[in-house]
1. With +1 on each Lys and Arg Cβ and -1 on each Asp and Glu Cβ, how big is the dipole of the chain about its Cα centre, in debye rounded to the nearest 20?
2. Take the Cα radius of gyration of region 24-94 and divide it by 2.2 N^0.38 Å, with N its residue count; two decimals is plenty.
3. If amide hydrogens are placed 1.01 Å from N in the peptide plane, which non-local residues have theirs closer than 5 Å to the one on Ala16?
4. Which value in deg cm²/dmol, rounded to the nearest 500, describes the helix-derived mean residue ellipticity at 222 nm for the chain, given -39,500 (n - 2.57) per DSSP H run of n ≥ 4 and division by the residue count?
5. Putting +1 on Lys and Arg Cβ atoms and -1 on Asp and Glu Cβ atoms, find which of Leu78, Ala29, Leu39 reaches farthest to the positive end of the dipole of the chain.
6. Which of the listed residues, Tyr51, Val113, Ala93, is farthest toward the dipole's positive end in the chain, when Lys, Arg count +1 and Asp, Glu count -1 at the beta-carbon?
7. As I understand it, the value is the acute angle between the Cα axis of helix 52-84 and the longest principal axis of the Cα atoms of the chain; what does it come to in degrees, rounded to 10?
8. If packing is taken as the average count of other Cβ atoms within 10 Å, what order do 38-45, 69-76 fall into, highest mean first?
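Any read-out appearing in this document is the output of simple, stated calculations on the displayed coordinates, not a laboratory observation. Predicted model only: the values in this text are computed from it and were never measured. Glycine also receives a Cβ, built like all others from the backbone with ideal geometry; neighbour counts cover every protein chain displayed.
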Amino acid sequence: MEEKGEPKPAHSGKDAPIEDLLGRIVGDARDLAEAEVALIKAKAISEATPYRAPLVLLVLAALFFVAAITTFCITLALWLAELIGPLGGGLVATGVALAIAGILALTARGKIVRLR
């Protein structure tokens, strides 16, 4: 049995049958494709590894940002509750948060449309 990567011996007759030649070509092409995929995987992993720690920190920062925005909206609702009542304060704070989310979503949509 032949080991992977070792050259295959030439056919012992005058001319190798076409089936053998095609089989060798397909086998060699498969080996080459597997080697290329392995190389691409290795390159991707080696280039992505340095970004792992900063990405984790960025995700944590995003979570704290969401917590800060939530705290801000609750504080705004409580402050407005003293001025216009609890229901009014909650509705105004919710409206402000929805307006900001809408503006950000429309801005993102516009940028995506320009990319097309």
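1. Details: 12 positive and 12 negative charges, 155 e Å.
It comes to approximately 740 debye.
2. Details: Rg = 26.7 Å, N = 71, 2.2 N^0.38 = 11.1 Å.
Compared with the compact-globule rule of thumb, region 24-94 sits at 2.40.
3. Long-range HN contacts for Ala16: none found.
4. Numbers: 3 runs with 94 residues, N = 116.
Value at 222 nm, helices only: -29500 deg cm²/dmol.
5. Checked the options; the winner is Leu78.
6. Positive-most Cα among the choices belongs to Ala93.
7. Between the helix axis and the principal axis of the chain, the angle is about 20 degrees.
8. Values: 38-45: 9.9, 69-76: 12.9.
Going from most to least packed, we get 69-76, 38-45.
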